[in-house]
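Notes for the one structure printed next.
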Amino acid sequence: MLSATANRHTLQMGINELIHKLRCRIADYRKTKWQVKEVTTHLNAIEIALALTDLGIRDGRPITSDERNWFRADLYLAYVFEGSDWEDILEDYRQVVSFAESRQYFKNEA
């Protein structure tokens, strides 16, 4: 049985791999669809959410309520990516959001 520390380390390694994979897929998408301007903001939202999750993992930095908005691109991303060859971008984004929520990286502000 894994200790709590070992289990946390394993989860963090998995999320780090997922973050790297998602960044690569976004770069591939941008190369392929460079003329599609409408989705740029939402791809930026994914990248910002990834950076904020990185900060949570590496520095223990909480995500503020304003920053949490970057984790709410799901609906538009579903519209753009569901049923396409790029659907894994949406699925991976959802996993990152779920990870951040489960680790309670979001700062409770009164």
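Bear in mind that the values in this text are calculations on the coordinates, not laboratory data. Owing to the predicted nature of the structure, the values given are computational and were not obtained by experimental measurement. Please note: Cβ atoms are built from the backbone with ideal geometry, for glycine as well, and neighbour counts cover all protein chains shown.
General remarks:
- Qualifying aspartates and glutamates (Cα of each under 17 Å from Cα of Lys31; at least 8 residues distant if same chain): Glu47, Asp85, Glu87, Asp88
- Figure legend: label point modelled 7 angstrom from the Cα of Glu47 along Cα→Cβ; residues of region 90-109 with amide N under 19 Å from it are 90-94, 96-97.
- For the pair Arg58 and Lys31, the difference between a 0.36 nm per residue extended length and the Cα-Cα distance amounts to 6.8 nm.
- Between Phe106 and Ile63, the built amide H atoms are under 5 Å apart, and every one of these is 5 or more places off in sequence or on another chain.
- Were the residues from Arg23 through Ala78 laid out at 0.36 nm apart, the gain over their Cα-Cα distance would be 18.0 nm.
- Label-point separation in nm, Thr40 to Asn69, each point 7 Å along Cα→Cβ: 1.9 nm
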